[in-house]
Amino acid sequence: MKYSPSAGLGKLLSRFTGMGKKYGVEWWILVAGALIIIAVLCMAAFASHIAPFDPHNQAAGPQLAPPGGKHLLGTDNLQRDVFSRIVFGSRTILGVAILAAIISSLCGISLGLISGYSGGFFDKMLSLVMDSIYSFPGLILAIAFAAMLEPGIISITLAVAVIYIPTYFRLVRGQTLSIKEELYVEAAQAIGAPGKTILWKYIFPNVIATTVVVFTMNVGDAIMIEAALTYLGLGLPPSIVDWGMDLAMGKKFLPSGQWWLITFPGVMISMLALGFTMLGEGLAEILNPRLLER
Amino acid sequence: MLFILLSIVFVVIRIMPGDPVSSMLGGHAPDSVIEQKKEELGLNRPLIVQYGDYLLQICRLDLGNSMIFNERVIDSIKMKVPATIELTFFGMLITLILGILLGVYAADKRRSPQDYAIRLYGIVIYCIPVYWLGLMLQMIFGVWLDVLPVAGRTGARVFVSMFEKTGFYILDTILVRDFEALKDVLIHLILPSFTLGLTLSGIFIRLTRANMLDVLKADYILAAEARGIRHNRVVYKHALLNAFVPILTMMGLQVALLMAGAVLTETTFSWPGMGRLLLERIYLRDYPTIQGVIVIFAMIVALVSLVVDIVYALVDPRVRY
């Protein structure tokens with residue numbers, strides 16, 4: 001038997017391409033998305049090593065210098081290096097989006113489980129409230145929240161998190177309602193298992209698969225909403241580095257032709273959102289039974 | 001459902017930390033002045049009384065008075081609604097045309113390179129932020145090529161007061177027969193509506209494609225092909241007409257996204273609509289107007305859902321309430 005690292009790597013690689021052959025293009029979409037996400041995560045984690053300048057340094061170079069030379073992506077009107085701001089901005093956007101998605105999923109899943117399982121008046125009322133929030137334009141709700149709270153990481157995270165709770169709620173509640181009718185749940189109830197145990201041991205594991213897919217799409221959406229909020233000047237104070245805010249600032253210099261101020265933050269936002277969306281799409285295709293192929 | 005939305009708006013605005021009255025008075029007013037202002041605005045009454053008042057006012061469409069400017073909220077909103085409706089209408093038009101055509105084509109040529117390319121386009125365009133696409137289009141067409149205007153509804157040489165009647169500039173200019181102004185208004189509409197329409201087309205393509213795939217599997221499609229009807233006619237006439245009803249419902253559900261996109265597009269293109277009004281008043285901390293605009297948005301959402309339900313019931317003979 002071969003135990004060498006190269007053989008191990010070869011086996012991993014063949015497993016990899018094997019999945020690709022089995023699932024076709026969806027696997028490669030998933031891989032592409034995952035690679036983008038990992039790249040940005042590394043950028044965020046090693047930001048201080050990658051960025052040549054401090055993102056707040058207002059004397060990094062000449063004002064409004066075009067990309068090239070020492071400043072890979074140019075400088076802005078406050079003489080800050082654009083590349084450094086992008087590298088450090090990834091921390092803000094990833095942090096807020098992932099945290100918001102976690103909060104959303106925790107609230108939405110627990111509410112969905114409880115509501116679907118208990119039924120009755122509580123379920124009806126909660127469903128009505130959730131449906132109303134779900135149908136309302138998410139961004140406008142987020143704007144309202146962010147406007148009411150003081151600018152800060154917590155405020156913007158909460159503003160983004162609130163919008164997605166109904167999505168998880170609806171999904172989990174629907175599944176809970178159908179799983180509730182299964183025989184093994186009835187059996188568990190018959191032997192006297194408390195509701196909490198039933199929810200946790202029987203129903204929750206069944207809803208996880210779809211929830212993971214929704215989670216990745218959620219993070220993608222959260223990135224877009226966070227960037228939109230900071231672009232509008234809400235949610236975060238100017239002292240925190242963020243791509244959306246850079247876009248808003250760069251907008252002023254568009255007529256005079258300084259294109260690099262808005263191009264690069266926008267590309268990064270799109271790419272990151274794309275990464276999560278592709279991951280979600282790939283996961284959705286693969287986790288679904290192949291029999292339901294369109 | 002509208003009732004719940006309105007209640008949520010009320011709760012959100014009241015519950016949030018931060019005192020609107022003191023910030024309105026500049027933050028340094030003495031307590032007695034703040035109390036007096038609160039009394040004036042009726043903010044000292046019990047919450048349930050304020051809630052009842054709020055609901056009654058909405059029934060009469062009286063959204064209160066602006067805290068900052070000396071005008072009624074409903075008046076300031078009334079001026080901006082046609083602008084937003086014009087923008088969203090044309091944006092929706094572009095979304096529909098692009099989305100349906102590309103979606104049907106992708107469904108028709110399933111699992112071909114064109115199908116994958118269109119699906120990829122759909123995903124990518126959805127991930128591009130609306131405002132960034134707007135800025136890029138402004139850069140390309142407004143700055144580099146300099147063929148299209150980048151801001152506002154009309155140009156500098158057009159005097160709006162000469163034709164403004166309904167607020168819908170396209171209608172107004174036609175009514176007054178001022179075709180120069182009409183051309184100007186249309187040219188100003190191009191970039192914003194394209195920005196809005198392109199971004200939403202991604203989702204529409206995916207939904208249309210999914211619906212079309214379901215329809216194309218049906219027996220009557222196979223029968224039509226077997227009878228010798230040309231393939232294109234089968235797809236674009238018979239299949240599309242049958243898939244149209246779910247597409248229509250989807251259109252209604254996209255209105256929420258359309259409005260969200262409109263808010264961002266209006267800021268990017270300095271379009272004088274409801275979205276920009278909302279943001280302006282947020283910066284000014286004019287809470288009655290903010291509340292009023294959100295109430296109007298909620299009403300629009302509820303209205304569109306109702307219309308979609310009705311149209312669905314009318315069009316599909318199998319659906320009966």
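Coordinate-derived values only; no laboratory data. These numbers were taken from a predicted model, which means no experiment stands behind them. In this analysis, Cβ positions are derived from the backbone assuming ideal geometry, glycine residues included, and neighbour counts consider all displayed protein chains.
General remarks:
- Peptides ranked, highest mean first, by Cβ atoms within 10 Å: ranges A:221-232, A:78-89, B:179-190, A:178-189: A:221-232, A:78-89, B:179-190, A:178-189
- Selection among A:Thr157, A:Ile109, A:Pro137 by position relative to the dipole of region A:68-204 gives A:Thr157 as farthest towards the positive end (Cβ unit charges, Cα centre).
- Here the alpha carbons of region A:140-202 define both size measures, Rg and Dmax, at 18.3, 52 Å.
- Within chain B, the selection of entire DSSP H helices by a Cα span of 24 Å or greater along the long axis and an average Kyte-Doolittle value of at least -0.5 returns B:73-108, B:179-216, B:287-315.
- In terms of other Cβ atoms within 10 Å, A:Tyr168, B:Tyr220 run from fewest to most in the order B:Tyr220, A:Tyr168.
- Cα gyration tensor shape for the protein assembly as shown, rounded if a/c is under 1.5, else prolate or oblate: rounded
- Choice from B:Ala223, B:Ala83, B:Ala151 showing the highest fluctuation, given a GNM over chain B with Cα pairs closer than 10 Å: B:Ala223
- Note that region A:190-200 has calculated 3J(HN,Hα) couplings of 5, 7, x, 5, x, x, 4, 5, 4, 4, 6 Hz, one per residue in order, obtained from phi through the Karplus relation 6.51 cos²θ - 1.76 cosθ + 1.60 (θ = phi - 60°); glycine and proline are x.
- Averaged over peptide B:189-199, the number of partner chain Cβ atoms lying within 10 Å of each residue's Cβ comes to 0.
- Debye intensity ratio in log₁₀ form over the Cα atoms of region B:165-321, taken at each q of 0.08, 0.10, 0.14, 0.16 Å⁻¹: -0.38, -0.57, -0.95, -1.08
- Burial order of peptide ranges A:268-279, B:236-247 (average beta-carbon count within 10 Å, highest first): A:268-279, B:236-247
- Taking amide H as placed 1.01 Å from N in the peptide plane, B:Asn65 has its amide H under 5 Å from the amide H of B:Val73, each at least 5 places away in sequence or on another chain.
- Hydrodynamic radius of region A:1-154 by the Kirkwood approach over all distinct alpha-carbon pairs: 20.7 Å.
- The distance between label points at A:Ile154 and A:Ala32 comes to 4.1 nm (points 7 Å beyond Cα on the Cα→Cβ vector).
- Folded to 0 to 90 degrees: helix A:153-179 orientation relative to chain A principal axis, Cα: 30 degrees
- Label-point gap, in nm, between B:Leu145 and A:Leu287 - each point 7 angstrom along Cα→Cβ: 4.2 nm
- Spatially, region A:1-78 and region B:283-316 are offset by 43 Å when compared through their Cα centroids.
- Gaussian network model of chain A, springs between alpha carbon atoms under 10 Å - residue of A:Ile191, A:Ile153, A:Ile102 with greatest fluctuation: A:Ile191
- Only the Cβ atoms of Lys and Arg (+1) and of Asp and Glu (-1) were treated as charged; on that basis the dipole of chain A about its Cα centre amounts to roughly 680 debye.
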